[in-house]
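All of the numbers you see were taken from the coordinates with simple rules; none came from a lab. Keep in mind that what you see is a predicted model, and the values were worked out from it rather than measured. Glycine gets a Cβ as well: all are built from the backbone with ideal geometry, and neighbour counts include every protein chain shown.
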Amino acid sequence: MAFVRSLVVALVAGAAIQVAAHRAADDTVVVEKNVAARMRDGVLLRADVYRPSAAGTHPALVQRTPYSKNDEDSPERFKRLAARGYVIVVQDTRGRYMSDGVARPHDEAEDGFDTLAWVSGLPYVDGEIGMWGGSYLATTQLLAATLQPPSLVALFSSSSYNSRYDMVFQGGAFYLNDGLGWNLGQAADVRRRVFTPDVDRDGPLGMTPEQANAFRERWLWHVPLKTMDALELKRFAPGYDELLAHPSYDDYWKTFDIEARHDRFTVPAFHLTGWYDTLLNGTLRNYVGLRARAANENARRSQRLIVGPWTHARPSLSSTKVGDVDFGPQAGLDSQELMARWFDHWLKGGDASILQGAPVRIFVMGDNRWRDEQEWPLVRAKATEYFLQSGGSANTLDGDGRLSTTAPRDQRADRFVYDPWDPVPTGALGGYSRIPADQRPIERRRDVLVYTTEPLAADLEVTGPITLKLWIASSARDTDFTGKVVDVFPDGTARALTDGILRTRYRESRTTPKMLTPNQPVELTIDLGATSNLFRAGHRIRLEVSSSNFPRFDRNPNTGGVFGEDAELRRAEQQVFHGASRPSRLIVPVVPR
């Protein structure tokens, strides 16, 4: 309670909480600042309201954010939406910026429901509401929708997760770079508001970008994970310790499981994501699940999906370049206009053309063209197996690892040593943003196995989910295995497409861990995500296999100990088998052309 009181005092001292209404410069929009809404437990959350100055009632668009409702150029965008005839309500979530209470990250269903009930009762709102936003802001929409708010009509959601557990523990491995980095940012901001409420935040941790990067780099290496308390993390962002306390899927995670509640959705939703967005899988699964299981026919029929060549950033007309790769002038998307058209239809009875045509639109990389589809995944895609082969020396890109559609006879296993003190670096595939970086520097490491096809005789399109079936043995009772799919150009450039990881204790179940028997062969199934890429004639398909992807994921200490409590890190001797009796293979969806 002392923390709550100090937080409220800091908020009151640091900024004026009273409602301040004024007219925009063009006299068409009224702005009200920090309008309070009381939640069911009495906590006040505050929102800025942008509304048309014209008399009468209007539909509302609601966004709930933990990142400040006044971030960057957002107020100007909100005014433009309001001038289009909407009441725009942008609320700081519980315990963030101008809202009271203590934040419990991602526990947003009830606050979302209560906020929509409050908005629908405002005298200038006609009772119909849409919600929009990406990443955490997508979470606030989707969790609210699971409670079926009567005023909610439609969603516009980008970069969403289907299960928070699957986001935080991908394949059972802890999403360290973001899990720690995000919570450090939360702790830094809460500290700032408590101790120096009048000081603006000048970087992601209240530091310059260079200082913040150095700070994160230091703490990413810290073991045991559970003893890390930089910036008084345990006090100011206790949600981090909650994550570490639940490495298996248990009742804790059910609160945040959207996919398990798809049958409760009653509203249409437009889903956006990118091939290099690490929340790609979650967005795809939300689309597929809602298309099949939403509570009514209108909601099922009215789900829409767009996947472009983007990272976690919001797509725009100018977002055609990812890293060093420019996907061409067609790659951009005016997501703001698309969203406006979506809500114009559902909230204003506007042009129905937004629902005409195919429900799925994807950008095929390599071909660099958009294409409409009737479903996801594509029914016509043929699961094609590429078998891993070698003479036992697939280490590095100069090794003898091969991929072939022909099943081999039994061969010598490939071997490497995974040393947690020297993990394979994530490189440019870190955090929420991944890019198609050249993988050759990583492929020169001895702890990376590289398997490559012969140059393709004709163009080959791979579109859909990719799976790696991998026969392994390890000297450890628990360890990790990773896979990465790469497009190799004729000049040798190895462009990353998608990847995945599996913590072996979760190979059979994410609820019930099971240790390996050291040096006993076992088959793993590793989800490598999804992509859409045209491998041009002369290009080659490549698979990388290793045991670490750091700091995107935490290092498995190879001890089989309690997660997050190991200070000891051991080396593990890894084997990858291939051949008739243990056929390791990459399974890709090939689309006929």
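Listing for the model above:
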| item | result |
| --- | --- |
| Per-residue HN-Hα couplings for region 286-301 [Karplus 6.51, -1.76, 1.60; θ = phi - 60°; Hz; x = Gly/Pro] | 5, 4, 4, x, 6, 4, 8, 10, 4, 6, 9, 5, 4, 5, 5, 6 |
| Two-decimal Rg/Rh across the chain, once Rg and the Kirkwood Rh are taken from alpha-carbon atoms | 0.98 |
| Anchor residue 33: lysines whose Cα lies under 28 Å away (excluding residues fewer than 8 positions away in-chain) | 69, 79, 348 |
| Region 262-351 - Debye-derived log10 I(q)/I(0), Cα point model, q = 0.15, 0.16, 0.18, 0.21 Å⁻¹ | -0.64, -0.71, -0.85, -1.03 |
| Cα-based shape type of region 300-404, given that a ≥ b ≥ c are square roots of the gyration tensor eigenvalues and the cut on a/c is 1.5 | prolate |
| C-alpha center-to-center spacing [region 175-196, region 65-101] in angstrom | 20 Å |
| Förster radius 22 Å - calculated FRET efficiency between residue 410 and residue 509 (Cβ-Cβ, nearest 0.05) | 0.15 |
| Whole-angstrom Cα spans of region 322-363 along principal axes, big to small | 42, 20, 12 |
| Per-peptide average of other Cβ atoms within 10 Å, ordering 349-356, 158-165, 182-189 highest first | 158-165, 182-189, 349-356 |
| Long-range Cα-Cα pairs in region 381-540 (distance over 24 Å), rounded percent | 36 percent |
| Structure-based [θ]222 nm, the chain - -39500 (n - 2.57) summed over DSSP H runs of at least 4, per residue, nearest 500 | -6500 deg cm²/dmol |
| Globularity index of region 398-474, i.e. its alpha-carbon radius of gyration over 2.2 N^0.38 Å | 1.32 |
| Potential lengthening between residue 54 and residue 227 on full extension [0.36 nm per residue; Cα-Cα distance subtracted] | 56.7 nm |
| Normalised convex hull volume, region 332-386, alpha-carbon set, Å³ per residue | 108 Å³ |
| Cα centroid separation, region 291-336 to region 413-479 (Å) | 27 Å |
| Rounded FRET efficiency, nearest 0.05, which uses the C-beta distance separating residue 44 from residue 210 and R0 of 41 Å | 0.65 |
| Surrounding net charge for residue 407, when Lys and Arg each add one and Asp and Glu each subtract one, Cβ distance under 14 Å | +3 |
| Intensity falloff of region 70-202 expressed as log10 I(q)/I(0), Debye formula with alpha-carbon point scatterers, at q = 0.17, 0.18 Å⁻¹ | -1.10, -1.20 |
| Additional length obtainable on full extension of the chain from residue 301 to residue 266, 0.36 nm per residue less Cα span | 11.5 nm |
| Between region 522-581 and region 206-233, the alpha-carbon center distance in angstrom | 26 Å |
